[in-house]
Amino acid sequence: MKHKRFTKTLKNKIMNKKIFTLLFIGVFALTMHAQKEEFTIKSDPNAGVFEFETEVVDYGTIAHNSEPNRVFKFKNTGKSPIIISRAKGSCGCTVPTVPKKPIMPGETAEIGVRYATNRIGAFSKSITLYSNASEATKVIRIKGKVLKDEVAGSLKKPKSMMSAN
């Protein structure tokens with residue numbers, strides 16, 4: 001009799017585990033399906049629109065520790081002011097500076113970028129802008145090549161004989 005009771009209890013436990021496992025898989029599958037749904041964000045037809053003169057600023061081939069600052073110029077060709085809430089460089093060597101005030105329709109503005117020209121070698125970095133414009137996340141890029149001091153010597157301007165050392 002004990003043996004039958006033990007077998008019945010064991011069968012119940014196994015059945016309970018199977019039911020629990022199936023329920024868990026079912027809930028998990030429903031959750032995964034809900035995650036797949038894509039949300040479409042309707043764009044505002046009156047939103048501000050970035051129109052950059054160029055979306056890539058090429059530093060070219062420059063000497064080590066050269067002038068690190070460059071500028072992206074753009075115009076708001078939309079119907080509403082553009083407010084840039086945040087700008088982020090792809091690494092700590094790329095630091096953007098954005099306008100604090102809204103850029104009104106028809107106005108032009110500048111985004112400054114400072115690259116750490118003490119880093120030798122080719123570079124390609126991105127700056128991500130977050131705003132209320134029609135393109136809420138906009139990526140602009142910088143690129144160039146910083147030469148070693150020995151090679152860069154030919155790029156530096158010769159010192160004037162009139163200047164004091």
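Quick notes
- Net charge, residue 93 excluded, C-beta distance under 12 Å - Lys, Arg +1, Asp, Glu -1: +3
- Maximal additional length on extending the residue 18-residue 143 stretch stands at 39.2 nm, based on 0.36 nm per residue less the C-alpha distance.
- Between 96, 116, 140, the Cα set farthest toward the positive side of the dipole of the range 86-147 (charges on each charged residue's Cβ, about the Cα centre) is that of 116.
- The Cβ shell under 11 Å around residue 108 holds other residues with a net charge of -2, Lys and Arg each +1, Asp and Glu each -1.
- Across the cross-link table entries 88/148; 73/101; 88/125, which are compared at the Cα atoms, the separations over 21 Å belong to 88/148.
- Proximal aspartates and glutamates relative to residue 79, as straight alpha-carbon distance under 17 Å, when same-chain residues fewer than 8 apart are discounted: 44, 51, 107, 135
- Descending principal axes extents, the range 56-149, alpha-carbon based, whole Å: 48, 20, 18
- Point-to-point label distance, residue 30-residue 91, nm (Cα→Cβ direction, 7 Å offset): 4.7 nm
Read-outs throughout are calculated quantities, based only on the coordinates presented, and are distinct from any laboratory measurement. Remember, it's a predicted structure, so these values are computed and weren't measured experimentally. Quick reminder, even Gly has a Cβ in these numbers, built from the backbone with ideal geometry, and neighbours come from all protein chains shown.
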